[in-house]
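Enquirer: Once you've had a glance at the structure underneath, I'll fire off some questions.
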Amino acid sequence: MSAEDVKFSQCFDYGRRAARIGMPRTTNPYLEEGSIELGAWIEGFETVDNTEIIPIERVHLFHRGKEAAERGEPASVCPYTNDDNPERMEIWLLGYAPHVEPQPI
C-alpha cells in the first residue's frame with residue numbers, strides 16, 4: 001500500500017467518523033487544501049446515511065457515551081445494546097472510547 005493510499009484511507013475514516021457523530025461538513029480540516037485529503041474526507045463523510053439517525057441525534061448519542069465514560073461507568077451500561085439499529089450503540093461507543101487502540105494479539 002502506497003503512502004498516498006494510506007493517507008486517503010485515514011482521511012476517509014476521519015470524514016466517516018465526523019458524519020457518524022453528527023459533525024457538520026464545515027468541520028472538514030482539509031477545506032483549504034483542495035487535495036487528496038479533501039476528496040477522501042468528503043467521500044468518507046458521504047458514506048453515512050443520515051435518514052434513520054439525523055445528525056443532532058448522532059451528536060446526542062456521542063455525548064451520552066462520552067459522559068458515561070467521564071463518570072467512570074462501564075461500557076456495559078450502554079442503553080442501546082438491544083436497539084433495533086446497532087449504529088446507535090456504535091455511536092455511543094465512539095463517544096465512550098474515542099481513542100481506544102486495538103490491543104496486539
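Enquirer: Along the stretch 18-32, what does the Karplus equation 6.51 cos²θ - 1.76 cosθ + 1.60 (θ = phi - 60°) give for ³J(HN,Hα), rounded to whole Hz, x for Gly and Pro?
Expert: The phi angles translate into 4, 5, 5, 9, x, 6, x, 4, 5, 7, 4, x, 10, 4, 7 Hz.
Enquirer: What whole-number distance in Å separates the alpha-carbon centres of the stretch 1-19 and the stretch 54-87?
Expert: So the separation of the two Cα centres works out to 25 Å.
Enquirer: Now for a separate question. Using the alpha-carbon atoms, what tilt in degrees (0 to 90, nearest 10) does helix 86-96 show relative to the longest principal axis of the chain?
Expert: Computed tilt is about 90 degrees.
Enquirer: In the chain, what percent of the accessible surface is made up of carbon and sulfur (1.4 Å probe, ligands and nucleic acids excluded)?
Expert: Carbon and sulfur together cover 54 percent of it.
Enquirer: As I understand it, the dipole of the stretch 12-105 uses +1 on the Cβ of Lys and Arg and -1 on the Cβ of Asp and Glu, about the Cα centre. Which of Ala69, Ala19, Thr47 lies farthest toward its positive end?
Expert: Selected residue: Ala69.
Enquirer: Counting Lys +1, Arg +1, Asp -1, Glu -1, what net charge surrounds Met1 among other residues with beta carbon under 15 Å of its beta carbon?
Expert: -2
Enquirer: With every protein chain kept in place and ligands, DNA and RNA left out, what is the accessible area per residue of the chain? Probe 1.4 Å, answer in Å².
Expert: Ligands and nucleic acids excluded, the result is 66 Å² per residue.
Enquirer: Using only the alpha carbons, work out the radius of gyration and Dmax of the chain in angstrom.
Expert: Cα only, the chain: 15.1, 42 Å (Rg, Dmax).
The values are calculated or read from the model by the stated rules, or taken from the named source; none is laboratory data. Predicted model, so just to flag it, every value in this text is computed and none were measured. All Cβ positions, even for glycine, are placed from backbone atoms using ideal geometry, and neighbour counts span all protein chains on display. To get the accessible areas, we keep the full protein, side chains included, count just its heavy atoms, and leave off ligands, DNA and RNA. Shrake-Rupley method; radii C 1.70, N 1.55, O 1.52, S 1.80 Å.
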